Amino acid sequence: MDLLHSLPTLGAILGTFLLAGLVKGVIGLGLPTIAMGLLGTLMPPAEAAALLVLPSLVTNFWQFMDGPALPPLLRRLGPMLTAVALGTLAGVWAGLLPSGGGATA
């Protein structure tokens with residue numbers, strides 16, 4: 001029987017997301033941290049992370065729409081977000097370069 005089709009497991013997953021959602025609702029963060037920690041006791045981390053994608057996206061979008069206006073937020077966080085994007089692209093580009101040392105993994 002598949003893990004996600006077990007009624008007690010589904011109850012534990014639901015309880016995990018309810019608890020993590022409550023914490024995010026109260027303090028504004030913590031859903032992925034709490035959910036990954038608790039779901040990691042029930043399933044492999046890759047499956048737990050896959051379950052987190054949609055709830056994290058929905059709650060972050062909801063929080064974004066309910067929060068302050070977009071222009072002040074972008075003025076405050078824009079430089080950091082730009083640096084993160086550029087650093088990520090530079091890291092990907094550097095990872096695609098051939099290694100000159102001839103070492104094999």
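The values are calculated or read from the model by the stated rules, or taken from the named source; none is laboratory data. Since this is a predicted model, take the numbers as computed values, not measurements. We place every Cβ from the backbone using ideal geometry, glycine too, and count neighbours over all the protein chains shown. Side chains included, ligands, DNA and RNA excluded: accessible areas come from the protein's heavy atoms. Shrake-Rupley method; radii C 1.70, N 1.55, O 1.52, S 1.80 Å.
With the cut-off at 1.5 for a/c, could you classify the chain from its C-alpha gyration tensor as rounded, prolate or oblate? Oblate shape, in that a/c is at least 1.5 and b/c is the bigger or equal ratio. Remark: the range 6-23, residue by residue, has Karplus-estimated 3J(HN,Hα) of 7, 4, x, 5, 4, x, 5, 5, 4, x, 4, 5, 5, 5, 5, x, 4, 4 Hz, where x stands for each Gly or Pro and the curve is 6.51 cos²θ - 1.76 cosθ + 1.60 at θ = phi - 60°. For the chain, a Gaussian network of Cα nodes joined below 10 Å ranks 16, 33, 59 by mean-square fluctuation, and the top entry is 33.
In this calculation the C-beta distance from residue 41 to residue 64 is compared with R0 = 41 Å, giving a FRET efficiency of 0.85. Residues in the range 41-101 average 81 Å² of solvent-accessible surface per residue, probe 1.4 Å, ligands and nucleic acids excluded. Peptides 42-55, 79-92, ordered by how many other C-beta atoms sit within 10 Å of their residues on average, highest first, read 42-55, 79-92.
With contributions of -39500 (n - 2.57) from each DSSP H run of at least four residues, the per-residue ellipticity at 222 nm computed over the chain stands at -26000 deg cm²/dmol.
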